[in-house]
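The values are calculated or read from the model by the stated rules, or taken from the named source; none is laboratory data. Treat the numbers as computed from the prediction; the structure is a model and nothing was measured. All Cβ positions, even for glycine, are placed from backbone atoms using ideal geometry, and neighbour counts span all protein chains on display. Accessible surface areas use protein heavy atoms only, side chains included; no ligands, DNA or RNA. Shrake-Rupley method; radii C 1.70, N 1.55, O 1.52, S 1.80 Å.
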Amino acid sequence: MSFDLILFGGTGDLVWRKLMPALFQAFRHGTLPADGRIIGVARDEHSDDEYRALIAERFKSIEDAKRPSDEEFGRFAQLLHYQRMDASQPADFERLKTLLRTRDTDTTVMYLATAPALFTTICEHLAGAGLNTPSTRIVLEKPLGNDLASNRAINRAVRDVFSEDQIFRIDHYLGKPSVQNLFALRFGNALFEPLWRRETIANIQITIAEDLGVEKRGAFYDSTGALRDMVQNHALQLLCAIGMEPPISSHADAIRDEKLKVLRALRPWTAETLAQHVVRGQYGAGTIGGQAVPGYRQEPGVDPHSTTETFVALRTEICTWRWAGVPFYIRTGKRLASRDARIVVNFRPVPHPIFPAPPGLSNQLVIHLQPKDGLELHLLAEGQDGRRRSSWGGSAPLAPVQLDLDFEKRFGTERVGAYERLLLDVIDGRLNLFVRSDEQEAAWHWVEPVLDLWRTTSQAPRAYAAGTWGPSSASAMIARDSHCWSEEC
């Protein structure tokens, strides 16, 4: 199979940190089609050889296991090409067309690793140059807009140029092996489906915690915030994977139809729930890994009077027969106590306990997403006193035990990274792990009342110290339901 992959923003941060390493891993694994060209385009002046040298230098900063040897990179570099382009100039798209027409390919992929403000312009110029052919696919990075209106405007402009099955809206969380295992857990095993409902599940918690601050992205993050950056896309996609009904097949639209139903079934916000079920916070100075770190407002590029949230916790419900009355808690933030993404499914206690057990203990399924990738199943078993006394006599207490499945140890050498998988899917035309426009719009529609409240309120985000688990009000929110976050129970 032959392909051309054009990376708009070809000298940018996303390309050298994520996309190029992912493409190299696919090349190393032998899964990247051999007859391909990877063309970086940007406003800088570079020859092909200069661009290859730039990428080689950037590769020195990636982790050792994924770093190519000189011989490996030499072979990979033959795929790399460069063309100077100004995305605002139609004439530059004609020059790109001339380059692409130097050979015939099965597929042309336009990857827009640029600021979202350029998406519409690039698509219009691609069409003007006749580069929106039936064999062309376009990849759009998040965030796709900053509210519902801007999201609709971008989607409308892109659909004027490309059909829906040519548009790949990327959410790299959907490419993570751990998220793929979430789908496999639910729909590849008969064990959990009878329990995956309100009668047996007490609550579900989704945590996406980062111990890093905004790093060099202060200016971008200050105009975005945690709700747009993490909740509207990553967290809601995880919630859909947990809450969706089994699709009728593995076809992309069958999966995306079921996710859309979940988003449309989320309980609408009211003034009361906005006040009680949403917490926003902003980190102050603190300690991470024994090192003092500055507060958010002291970060480079951040407004010293910023009210942008770096932490969000919220409670919602899926208003369906399966999930009625089951609270879903979402929590995400920067400069938290650890880097930890997990989904915790807390089951209800047995209806009629006949064994003594410490209060509050019940079965729990923990789905680890990062940095660990695996499952923990928390059970109750007879404690040590059982060696001397029979539990059937009523005197031996139960004690917690767990089954721990580490997928990195089991599949470590066979795992495919998120961007590697997604890039290969784009080249092959598989849409299963990409987001449809109506999904995006439904997600924006649900989060927009929260954004509207924050835009009009004078109340600042609640402060929390870096290195903690966020504002205490997040614990108070979940405690109103007599529950607690997993690390606090």
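Cβ-Cβ contacts under 8 Å between residues 6 or more apart (or on different chains), taken from a first residue in the stretch 399-423 that is under 20 Å from Ala65 (Cα atoms) and at pLDDT 85 or above to a second residue that is of a type in the set (D, E, K, R) and open to solvent by 80 Å² or more (accessible area, probe 1.4 Å), are listed as Tyr419/Lys18. Checking each residue of the stretch 360-376 against the condition of being surrounded by 16 or more Cβ atoms within 10 Å (Cβ to Cβ), in a helix (DSSP H, G or I) and in contact with a Lys or Arg (Cβ under 8 Å, 6 or more places away or on another chain) gives no match. When each of Thr207, Thr136, Thr114 is tested for being at pLDDT 95 or above, buried (at least 17 other Cβ atoms within 10 Å of the Cβ), of a type in the set (S, T, N, Q) and closer than 24 Å to Ile6 by Cα, the lone residue that passes is Thr136.
Note on the stretch 259-311: residues that are closer than 30 Å to Asp438 by Cβ and among the aromatic types (Phe, Trp, Tyr) amount to 2. Sub-6 Å Cβ pairs linking a first residue in the stretch 250-269 that is within 19 Å of Pro449 (Cβ to Cβ) and touching a residue at least 12 places away in the same chain (Cβ under 8 Å) to a second residue that is part of a loop (DSSP other than H, G, I, E, B) and not aliphatic (A, V, I, L, M), at least 6 apart or interchain, are Ala265/Cys319; Ala265/Thr320; Arg267/Glu317; Arg267/Cys319, ordered by first then second residue. Residues of the stretch 427-457 that are in a helix (DSSP H, G or I) and among the aromatic types (Phe, Trp, Tyr): Trp444, Trp446, Trp454. Only residues that are open to solvent by less than 20 Å² (accessible area, probe 1.4 Å), closer than 17 Å to Ser2 by Cβ and part of a helix (DSSP H, G or I) were counted in the stretch 77-99, giving 0.
The rows are residues; the columns are (1) touching a strand residue (DSSP E or B) at 6+ places or on another chain (Cβ under 6 Å); (2) among the aliphatic types (A, V, I, L, M); (3) modelled with pLDDT under 95; (4) open to solvent by 20 Å² or more (accessible area, probe 1.4 Å).
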site: Glu382; (1), (2), (3), (4): no, no, yes, yes
site: Trp454; (1), (2), (3), (4): no, no, no, yes
site: Gln459; (1), (2), (3), (4): no, no, yes, yes
site: Ala476; (1), (2), (3), (4): no, yes, no, yes
site: Ala479; (1), (2), (3), (4): no, yes, no, yes
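Quick one: would you say Phe162 is of a type outside the set (A, V, I, L, M), out of contact with any Asp or Glu (no Cβ under 9 Å at 6 or more places or on another chain) and either in contact (Cβ under 8 Å) with a residue 40 or more places away in the chain or within 13 Å of Ser437 (Cα to Cα) (or both)? Answer is yes for this residue. Can we say Leu131 is open to solvent by less than 20 Å² (accessible area, probe 1.4 Å), part of a loop (DSSP other than H, G, I, E, B) and without any contact (Cβ under 8 Å) to a residue 40 or more places away in the chain? Criteria met by Leu131.
Restricting attention to the stretch 215-247, the residues that are buried (at least 23 other Cβ atoms within 10 Å of the Cβ), β-branched (Val, Ile, Thr) and farther than 17 Å from Glu141 by Cα total 0. In this entry, His46 is excluded by the filter for residues that are open to solvent by 20 Å² or more (accessible area, probe 1.4 Å), in contact (Cβ under 8 Å) with a residue 60 or more places away in the chain and not basic (Lys, Arg).
Assess whether Lys259 counts as being closer than 30 Å to Glu193 by Cα and basic (Lys, Arg). So Lys259 passes the test. Can Arg28 be described as basic (Lys, Arg), open to solvent by 30 Å² or more (accessible area, probe 1.4 Å), more than 21 Å from Thr136 (Cα to Cα) and modelled with pLDDT under 95? So Arg28 passes the test.
A search for C-beta distances below 7 Å between a residue of the stretch 135-159 that is under 25 Å from Thr108 (Cβ atoms) and any residue that is open to solvent by 10 Å² or more (accessible area, probe 1.4 Å) and in a strand (DSSP E or B), counting only pairs 6+ apart in sequence or on different chains, returns Ser135/Thr108; Thr136/Thr108.
For every residue, the table says whether it meets (1) more than 20 Å from Val262 (Cβ to Cβ); (2) without any contact (Cβ under 8 Å) to a residue 60 or more places away in the chain; (3) not β-branched (Val, Ile, Thr).
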position	(1), (2), (3)
Val278	no, no, no
Gln282	yes, no, yes
Gly289	yes, no, yes
Tyr296	yes, no, yes
Gly301	yes, no, yes
Pro304	yes, yes, yes
Thr307	yes, no, no
Glu317	no, yes, yes
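Taking the criterion of being under 20 Å from Tyr111 (Cα atoms) and either out of contact with any Phe, Trp or Tyr (no Cβ under 7 Å at 6 or more places or on another chain) or among the basic types (Lys, Arg) (or both), the residues of the stretch 432-460 that qualify are Asn432, Leu433, Val435, Arg436, Ser437, Gln440.
Is one or more of the residues making up the stretch 174-190 in contact (Cβ under 8 Å) with a residue 40 or more places away in the chain, part of a helix (DSSP H, G or I) and exposed (fewer than 14 other Cβ atoms within 10 Å of the Cβ)? No: zero hits.
Within the stretch 283-305, the set of residues being of a type in the set (Val, Ile, Thr) and more than 13 Å from Ala219 (Cα to Cα) comprises Thr287, Ile288, Val293.
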